[in-house]
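First the structure, in the form of structure tokens, and then the observations on it.
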Amino acid sequence: MAKKKQAQGEAYNYSPINRKAALLRDDTYIIERVDDQINWHKRKSEENQKKHRRLKNIETFVAAMVPITLSLGNILVENGITVGEYVIVITHLISAAAGVYLTISAGFMELEGYDRNAKIYKQLYRKLEGEKFKYLTRTEPYDEEDAYNLLIFNVENQLHHDVMNFFKAADQANEKQANGNQEGGAKQQPAAG
């Protein structure tokens, strides 16, 4: 039986291809990679911002309706207007339901992190736009011979780091949510007596 050769962790390219020109031209790279990433991150930022604003607007409206609903019930009863036998009960139930909605909505917004995500996406597409424009105008550091290689390195490095930061931020938000649930659960337990 032949022994399997174990990996040594060493890899060398003993016959590298000697290229006179890059396989991917800079204009192609900018259009197919950089612009594509800019557009994708811009779209994701806008989507998350719209979701965040929509939920915040609904939250604000519902929160504003709670005192109005309670006041309306009290006014109706004080003035002897009978819309139904249980006006106060109904207005309190509506207000309680609004409170439940607000609690769920706040938790959902924190968990999904629409605002946080919108900011992360926006930050990245602006960084990519900056790299692109510095390259196209041959502004430092893209004023040297190896500008194209540096552009690729900077763009890919930025994408990698921001993806890692995105997951890190999501993990931190999930951890914060989990810690909040544990603390809340401990506070809600009745005291032994």
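So with the 1.4 Å probe, I'd like the accessible area per residue for the stretch 58-121, rounded to whole Å².
That works out to 64 Å² for each residue.
Using only the Cα atoms of the stretch 29-96, build the gyration tensor, take square roots of its eigenvalues as a ≥ b ≥ c, and label the shape rounded, prolate or oblate: rounded if a/c is under 1.5, else prolate if a/b is larger than b/c, else oblate.
Judged from the Cα gyration tensor, the stretch 29-96 comes out prolate (a/c at least 1.5, a/b above b/c).
Checking the a/c ratio against 1.5 first, then a/b against b/c, what shape does the Cα gyration tensor give for the stretch 21-157?
In terms of gyration-tensor shape, prolate.
State the extension gain, in nm to one decimal, for the chain segment bounded by ALA64 and VAL163, taking 0.36 nm per residue of separation less the distance between their alpha-carbons.
My answer for the length gained is 31.8 nm.
Got a sec to turn the phi values of the stretch 126-132 into Karplus ³J(HN,Hα) couplings, 6.51 cos²θ - 1.76 cosθ + 1.60 with θ = phi - 60°, whole Hz, x for Gly and Pro?
Once θ is set to phi - 60°, the couplings for the stretch 126-132 become 5, 5, 5, 4, x, 4, 4 Hz.
Give me the percent of accessible area attributable to carbon and sulfur for the stretch 57-124, probe 1.4 angstrom.
69 percent
For the pairs LYS42/LYS176; LYS56/LYS168; LYS42/LYS122; LYS44/LYS127; LYS44/LYS119, flag any whose C-alpha to C-alpha distance is greater than 18 Å.
Flagged as over cut-off: LYS42/LYS176; LYS56/LYS168.
Go through 41-47, 112-118 and give me the packing order, highest mean Cβ count within 10 Å leading.
112-118, 41-47
The values are calculated or read from the model by the stated rules, or taken from the named source; none is laboratory data. A quick note: this is a predicted structure, and the numbers were derived from the prediction, not measured. Please note: Cβ atoms are built from the backbone with ideal geometry, for glycine as well, and neighbour counts cover all protein chains shown. The accessibility values were calculated without ligands, DNA or RNA, using every heavy atom of the protein model including side chains. Shrake-Rupley method; radii C 1.70, N 1.55, O 1.52, S 1.80 Å.
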